[in-house]
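Notes follow the structure.
Read the figures in this text as sums done on the coordinates, not as results from a lab. If you're wondering where the values come from, they're calculated on a predicted model, not measured in any experiment. Positions of Cβ are generated from backbone atoms using ideal geometry, with glycine treated the same way; all protein chains shown enter the neighbour counts.
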Amino acid sequence: MLVGVCDFPGSYAFPPTGYGGIERWLWAVAVGAKAAGADVHLLGPAWRDDLGTRWTRKPVRLEDVGRGSAAARDLAACGYDLLVVGHEYPTLPAWRRIRDTLDCDVATFQHNPDFRHAPDAFDGKRHRLYCYSPEMIERYAAWRPRQELAVQLGLDEAEPPAIKGDDLVWLGRIDGEKAPHLAVRAAQLLGRRVRLVGPVFDREYVQRHERLLTADHVEWVGELGGPAKTAAVHSAGTFVYTYARDYVEAGAAVFGEALRAGTPVAALTWRVGTCAEAALCPDTGAVTVLGAEADDERAAQALAEAIRRTEDLDPATIQAIGKDRFDPQRHFNALASRSC
């Protein structure tokens with residue numbers, strides 16, 4: 001099987017050195033395809049040039065190729081069986097014009113909860129859309145999505161054997177949608193330290209919660225990638241997951257990152273059928289579900305109780321489940337299958 005994994009214009013490299021969700025997902029697909037024995041072409045100029053000789057890089061984007069051009073003929077001659085691409089592209093006319101000449105399958109994962117696709121973007125068979133949670137399946141039901149847990153990887157992020165960690169860790173972009181202040185307050189209620197890992201996206205949010213976010217039990221780590229990111233998750237006693245009441249999580253990478261490291265997850269959610277419930281089980285974490293009417297203090301108390309429930313979980317068991325559930329080869333095989 002020949003697989004083309006397509007980049008897209010953006011501010012991050014493929015794979016990124018730190019933050020960058022869809023970019024990390026596409027890299028995981030490429031790694032999984034290689035592990036499954038497929039031939040892989042990394043399509044587009046944003047793929048890094050330090051990935052080694054085992055990777056074939058072709059710096060061309062379908063949307064930039066003219067129909068009938070030499071570049072279009074070269075792409076057709078490759079004989080791709082499957083293209084994997086960011087979720088916007090099956091709706092982009094310029095990309096679809098060339099895609100249609102290649103006569104191959106297309107798979108993408110829905111990473112945005114509010115993107116509107118063209119009515120005929122997916123047929124559920126050759127052109128497939130994948131969603132993480134029951135909540136996302138319902139939002140995109142018109143495009144016949146399949147449910148699948150997304151896998152994301154960075155370079156040099158192989159997890160060492162699991163250990164019983166200490167302190168708490170929260171990882172993600174620091175803004176109101178991700179609501180890390182709730183994790184910080186839960187840690188405070190427990191008398192625990194918490195490390196915040198990730199880039200600041202909203203300084204006004206930080207200022208609103210400055211007193212809490214700069215308390216003595218909080219360590220700001222900043223954005224991490226590679227071994228440093230893995231170590232931050234691996235060494236934690238519990239990974240704490242939060243988000244805002246009106247935010248819909250489309251495809252969180254953090255669950256896979258935590259479980260593959262052997263770190264249990266305590267998650268706060270505001271509805272049933274979310275990514276947290278899709279990713280976790282009683283052996284790997286604890287999910288608390290509140291109504292949106294609950295105030296921040298009640299939410300922090302409920303999250304603190306969820307953290308307590310993770311303290312006796314076995315890191316080795318968590319890691320074994322995580323490596324199976326969030327395996328890049330298994331994920332690629334799901335994306336490459338025409339059958340449900």
In the neighbourhood of Val3 defined by beta carbon distances under 10 Å, the net charge of the other residues (Lys, Arg +1; Asp, Glu -1) is -2
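Compute the length gained on full extension between Cys281 and Val200: take 0.36 nm times their separation in residues and subtract their Cα-Cα distance, giving the result in nm to one decimal.
Working: separation 81, 0.36 × 81 = 29.16 nm, distance 3.02 nm.
Result for the pair: 26.1 nm of gain on full extension.
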Measuring from centroid to centroid over Cα atoms, what is the spacing of the stretch 268-288 and the stretch 318-340 in Å?
19
Provide Rg and Dmax in Å for the stretch 166-323, with only Cα atoms included in the calculation.
14.1, 40
Can you list the lysines whose alpha carbon is less than 18 Å from that of Lys164, not counting same-chain residues fewer than 8 positions off?
Lys229, Lys323
If the elastic network links every pair of Cα atoms under 10 Å, which of Ala71, Ala13, Ala316 fluctuates the most in the Gaussian network model of the chain?
Ala71
I need the GluC sites (Glu not before Pro) found in the stretch 240-340, filtered to DSSP loop residues with at most 13 other beta carbons within 10 Å of theirs.
Glu293, Glu311
Sort Tyr140, Tyr130 so that the residue with the fewest other Cβ atoms within 10 Å of its own Cβ comes first and the one with the most comes last.
Tyr140, Tyr130
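How much length would be gained if the chain were fully extended between Ala292 and Tyr247, taking 0.36 nm per residue of separation minus their Cα-Cα distance, in nm to one decimal?
On the way: separation 45, 0.36 × 45 = 16.20 nm, distance 1.09 nm.
Value of the extension gain: 15.1 nm.
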Which whole-number value in Å³ per residue fits the convex hull of the alpha carbons of the chain?
128
I need Cys104, Cys6 ordered by Cβ neighbour count within 10 Å, fewest first.
Cys104, Cys6
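Counting Lys and Arg as +1 and Asp and Glu as -1, each charge on the Cβ, what is the dipole of the chain about the Cα centre in debye, to the nearest 20?
On the way: 40 positive and 47 negative charges, 152 e Å.
Rounded to the nearest 20 debye, it is 740 debye.
Report the charge-dipole magnitude of the stretch 214-340 in Debye, nearest 20, computed about the Cα centre from +1 at each Lys and Arg Cβ and -1 at each Asp and Glu Cβ.
Details: 11 positive and 18 negative charges, 130 e Å.
It works out to roughly 620 debye.
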Does the stretch 2-148 come out rounded, prolate or oblate, given a ≥ b ≥ c as the square roots of the eigenvalues of its C-alpha gyration tensor, rounded meaning a/c under 1.5 and, failing that, prolate meaning a/b above b/c?
oblate
Alpha carbon centroid spacing (whole Å) that separates the stretch 68-145 from the stretch 215-267
30
Tilt, helix 296-310 to longest principal axis of the chain (alpha-carbon atoms), in degrees rounded to tens, equals 80
Placing +1 on each Lys and Arg Cβ and -1 on each Asp and Glu Cβ in the stretch 166-323, then taking the dipole about the Cα centre, the residue among Gly273, His217, Leu290 whose Cα reaches farthest towards the positive end is His217
Rounded, prolate or oblate: which fits the stretch 1-69 when a ≥ b ≥ c are the square roots of the eigenvalues of the alpha-carbon gyration tensor, with rounded for a/c under 1.5 and prolate only if a/b beats b/c?
oblate
